[in-house]
1. Mind checking the alpha-carbon convex hull of the stretch 231-279 and giving the volume per residue in Å³?
2. Any idea what the dipole of the chain comes to, in debye rounded to 20, about its Cα centre with Lys/Arg Cβ at +1 and Asp/Glu Cβ at -1?
3. Taking the Cα atoms of the chain alone, what are Rg (to one decimal) and Dmax (as a whole number) in Å?
4. Can you give the calculated 222 nm mean residue ellipticity of the chain, where each DSSP H run of n ≥ 4 adds -39,500 (n - 2.57) and the sum is split over every residue, rounded to the nearest 500 deg cm²/dmol?
5. Can you give the FRET efficiency to the nearest 0.05 for R40 and D173, using r as the Cβ-Cβ distance and R₀ = 25 Å?
6. So, with +1 on the Cβ of K and R and -1 on the Cβ of D and E, and no other charges, what is the size of the charge dipole of the stretch 123-262 about its Cα centre, to the nearest 20 debye?
7. May I ask you to rank Y127, Y294, Y81 by accessible area, largest first, using a 1.4 Å probe over the protein chains only?
8. I need the helices of the chain that pass two filters: whole DSSP H segments spanning 20 Å or more by Cα along the axis, and mean Kyte-Doolittle score no lower than 1.6.
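The values are calculated or read from the model by the stated rules, or taken from the named source; none is laboratory data. Remember, it's a predicted structure, so these values are computed and weren't measured experimentally. Here Cβ is always computed from backbone atoms with ideal geometry, including for glycine, and neighbour counts include all displayed protein chains. Accessible surface is based on the protein model in full, side chains and every heavy atom, while ligands, DNA and RNA are left aside. Shrake-Rupley method; radii C 1.70, N 1.55, O 1.52, S 1.80 Å.
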Amino acid sequence: MRWDSQRADSDPQQALLGLDGLVRSVRSPEFAGVTFHEVRARSVLNRVPGQSAVPFSWTVNPYRGCSHACAYCFARNTHTYLEFDAGRDFDTQVVVKINAPEVLARQLKRPSWRREHVAMGTNTDPYQRAEGRYRLMPGIIRAFAESGTPFSILTKGTTMSRDIPLLRSVSGDVEVGLGVSIALLDRELQRRVEPGTPSPQARLELVRRLRDAGLPCGVMIAPVLPGLTDSTEQLDALLAEVAEAGATSATVLALHLRPGAREWYAQWLAREHPELVDGYRKIYGRGSYAAAGYRRVLAARVGPLLRRHGFARDRGEASHRIPAPREAEVVPEQMTLL
């Protein structure tokens, strides 16, 4: 791949970026419209705020921003901390922590590190397309394995297939949890609402490959989009495909519209499905979460489908760990980690 690079201080716009450790900014014809800002991070191991209702205490995010360009991505507002906007900048201005494996390895060697579970994919996807070029994840995975640190990965990126032999190898040394996010089967809708992602069928094939390698893999059916992907027929068809692919669990999450994501998704909805705008106002009001009434209806709809396809489990019975609630059920919130 030929990369067109320049000094970090050669572009007046870049000089305004609040990016510590900026080395250079890179563009490539293969990633039309996307700029990658390479930085040297001082730390990559992040503690989850104590008030967050998630089953893990630490995260690693080798990238900030995401070329998957999902209109609904709840992490969008985190880009504003870097003096980018939560809309198009989130999709096209991607920060790459080029020294993430080395920094993580040093942090995991500290005597104070207690080998607690670390989740990846809770903010932006570690296997977005740029990972094919930067190859940060193999070093990160090895750092976890060599330190005896259990970890989990949630992704929409089929680049994970490259690392299946490594994941299988290290799973004998540390606990490895894997999850693939698949929100819908409709290829046309997928192209419009999450245009930078691999197709749903490609992600189902990733689940199959992980399972064929003997690795556990759950599927996050998330987010469920009111009026677009929440019918019984749509959810039944998706769960059938997920079960056929061999997924070890399924977790269903309703759309969560945090600030940043809320405004960007609202623009997308008004442009693509104006007939649904009033319904969304009723479901979401001024908050981030779907109204309790909608969540109850969705839960009643999904429960029998989970049982039909073999995903209904007793609480705490999940066979692996992914960065999500471990029982197969509809939950009212998505991850709150920034």
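1. On the way: hull volume 5.6 nm³, N = 49.
In the stretch 231-279, the Cα hull volume divided by residue count equals 115 Å³.
2. Result for the chain is approximately 660 debye, rounded to the nearest 20.
3. 19.5, 59
4. Working: 12 runs with 110 residues, N = 338.
Result for the chain: -9500 deg cm²/dmol, rounded to the nearest 500.
5. On the way: r = 29 Å, r/R0 = 1.15.
Rounded to the nearest 0.05, the efficiency is 0.30.
6. That gives the stretch 123-262 a dipole magnitude of about 540 debye.
7. Values: Y127 0, Y294 35, Y81 125 Å².
Highest to lowest solvent-accessible surface, that is Y81, Y294, Y127.
8. Working: long enough: 292-308 (24 Å, -0.06).
Answer set is empty.
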